[in-house]
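**Student:** Okay, here's the structure, questions in a sec.
The values are calculated or read from the model by the stated rules, or taken from the named source; none is laboratory data. On a predicted model such as this, the values are computed, not experimentally measured, just so you know. All Cβ positions, glycine included, derive from the backbone under ideal geometry; neighbour counts span all protein chains shown. We work out accessible area using only protein heavy atoms, side chains counted, and drop any ligands, DNA or RNA first. Shrake-Rupley method; radii C 1.70, N 1.55, O 1.52, S 1.80 Å.
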Amino acid sequence: ADAEAGGKARSTPLRMRLAAKLRDDAKLEELYKALGRDSDSAVARAAGLALYDRSQSLDAQADARRTDLETRAFELLNRSLAAKADDPEAVWAFAMVAADLKKDMDVSLQRLLPLFERMPTNPDIAHAAGKLLYAKGDMNLMPYLTGVLRYAHTIDQKQWALEKMNLLREKTTAAQ
């Protein structure tokens, strides 16, 4: 890929994704620094996804590192979405990061909810919508939690949805 015209720019974020999967932080940072500020939206998308992937594999004691990775992922994914606003994977990752950072959550919901309407059986989109609404304090989560429970393939997503459903029920009961 490096040998093709423009190949180096396209292969850098792919190498970043590999470094993220291998948890090679030194290589991930080296490749991030090699990205050009004017890289195209596809490069920004792939690099943002790589940073988000790595942020999710950190242990619980790495909050500062997670925030740093997610902040940079947020900026790259936002740049990517400015060029292609309906990219499901980028919209999903942007929403997950927006919820974690509690930043631009309304913008993220505006991007995400039309995707949920088009893909109501996608558990990742439902999870991101539920996570955003929960982070905003909006308790209208049930359609998204139900979607996660019904369609998720991972136990982590199902456990998250059950936990939020139980919290929602507790709050509803306490309010009555």
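**Student:** Going through the stretch 134-176 one residue at a time, which ones are in a loop (DSSP other than H, G, I, E, B), open to solvent by less than 90 Å² (accessible area, probe 1.4 Å) and closer than 24 Å to residue 103 by Cβ? Before you say what the answer is, go through the steps one by one.
**Tutor:** Just the residues of the stretch 134-176 that are in a loop (DSSP other than H, G, I, E, B), to begin with: 137-141, 152-154, 176.
This time we only want the ones that are open to solvent by less than 90 Å² (accessible area, probe 1.4 Å), so: 137-139, 141, 152, 154.
Selection gives 137, 138, 139, 141.
**Student:** Additional query: What residue, of 26, 85, is more than 29 Å from residue 116 (Cα to Cα) and among the aliphatic types (A, V, I, L, M)?
**Tutor:** Values: 85 fails: more than 29 Å from residue 116 (Cα to Cα).
Testing whether each residue is more than 29 Å from residue 116 (Cα to Cα) and among the aliphatic types (A, V, I, L, M) leaves just 26.
**Student:** Another question, then. Could you tell me whether the stretch 1-18 includes any residue that is over 22 Å from the mean Cα position of the chain (by Cα) and closer than 20 Å to residue 78 by Cβ? It would help to see each step written out before you state the result.
**Tutor:** Filtering the stretch 1-18 for residues over 22 Å from the mean Cα position of the chain (by Cα) gives 1-9.
Retained after the next criterion (residues that are closer than 20 Å to residue 78 by Cβ): 9.
Yes, some residue in the stretch 1-18 is over 22 Å from the mean Cα position of the chain (by Cα) and closer than 20 Å to residue 78 by Cβ.
**Student:** Could you grab the pairs with beta carbons closer than 9 Å, sequence gap of 6+ or different chains, first residue in the stretch 25-46 and without any contact (Cβ under 8 Å) to a residue 40 or more places away in the chain and within 14 Å of residue 11 (Cβ to Cβ), second one outside any helix (DSSP H, G or I) and open to solvent by 60 Å² or more (accessible area, probe 1.4 Å)?
**Tutor:** Close Cβ pairs satisfying both conditions: 42/84.
**Student:** Being farther than 28 Å from residue 146 by Cβ and of a type in the set (A, V, I, L, M) is the filter here, so list the residues in the stretch 74-116 that pass it.
**Tutor:** Result: 76, 82, 83.
**Student:** Criterion first (free of Cβ contacts under 8 Å to residues at least 12 places away in the same chain and not basic (Lys, Arg)) does residue 89 satisfy it?
**Tutor:** Numbers: free of Cβ contacts under 8 Å to residues at least 12 places away in the same chain: no; not basic (Lys, Arg): yes.
No; evaluated as a whole, the condition is false for this residue.
**Student:** Going through the stretch 156-174 one residue at a time, which ones are in contact (Cβ under 8 Å) with a residue 12 or more places away in the chain and among the basic types (Lys, Arg)?
**Tutor:** 164, 171
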